[in-house]
Amino acid sequence: MSLDHRDKSFTIDDFKALKAFQSADFSHPSLLDVLKTNPRIEYLSDKNAFTYRPNYKLNSKEDLLNLLRQTHLESCDGIDYSTLKDFPLLQPSVADLERENLILVIKDSKNLPKMLFYNDTSMNVSMSQEFQELWKSIVPPNEMELKRQLNAAGLRETQVEAKEVVKPPLKQVQSRKKRKTTKTGNRTNKHLEDFD
């Protein structure tokens, strides 16, 4: 038996049966308080048992879509993919919803999902064919040609001045000055007088 079962509840006796918890003292009230207040564990008082508490209770891709839709309506925001790892059907559900164009997926450099957004089709704006053709027909001028055109019109290009990065002065380590020893008296090795 392991604690991987997301839908199963565990009693104290179930915990005691696990090797990892054999040395734990469940009669100690502070241990039970810690388990009851853990944000990832839900305490079922009627059964006197504990169950795993995921970030989001998802059972199907429709639940995922509804969660993304609700998040979009509340804050126009997405959900971090890593917070949904508790959902066992996450990868196939995301792939299906993305293929159906119901969600937008931001991927990282390794082409792995990073953020999920609801695809609100009401925000898709259709452009007339004439406008699209006009937009595509505009060619940005060559940089050298742009300079010539500006000079011909009596204008000059703006220059971006690089800001100097001011580095904070390094703390100088003060070296300890050696104390000068003042020689007082005649220093001889009296214990070596007999030594020639």
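The values are calculated or read from the model by the stated rules, or taken from the named source; none is laboratory data. This one's a predicted model, so the numbers in the text were calculated from it and none came from an experiment. All Cβ positions, even for glycine, are placed from backbone atoms using ideal geometry, and neighbour counts span all protein chains on display. Heavy atoms of the whole protein, side chains included, go into the accessibility calculation; ligands, DNA and RNA do not. Shrake-Rupley method; radii C 1.70, N 1.55, O 1.52, S 1.80 Å.
The table below gives the values:
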{"quantity": "Count of the range 11-30 residues which are at pLDDT 75 or above and surrounded by 15 or more Cβ atoms within 10 Å (Cβ to Cβ)", "calculated": "1"}
{"quantity": "Yes/no for ILE106 being modelled with pLDDT of 90 or more and open to solvent by 100 Å² or more (accessible area, probe 1.4 Å)", "calculated": "no"}
{"quantity": "Close pairs (9 angstrom Cβ cut-off, 6 or more residues apart or separate chains): open to solvent by less than 70 Å² (accessible area, probe 1.4 Å) in the range 65-81, charged (D, E, K, R) anywhere", "calculated": "THR71/ASP77; HIS72/ASP120; ASP80/LYS114; TYR81/LYS114"}
{"quantity": "Condition met for LYS61 (of a type in the set (Lys, Arg) and modelled with pLDDT under 80)", "calculated": "no"}
{"quantity": "Residue, farthest from ASP96 (Cα to Cα), within the range 41-63, restricted to residues that are open to solvent by 80 Å² or more (accessible area, probe 1.4 Å) and among the basic types (Lys, Arg)", "calculated": "LYS47"}
{"quantity": "Meets criteria (without any contact (Cβ under 8 Å) to a residue 24 or more places away in the chain and either charged (D, E, K, R) or under 19 Å from ASP63 (Cα atoms) (or both)) for LYS114", "calculated": "no"}
{"quantity": "Any pair with Cβ under 7 angstrom, 6 or more apart, that starts in the range 84-105 at a residue that is of a type outside the set (A, V, I, L, M, F, W, C) and ends at one that is in a helix (DSSP H, G or I)", "calculated": "SER93/LYS61; SER93/LEU64; ASP96/LYS61"}
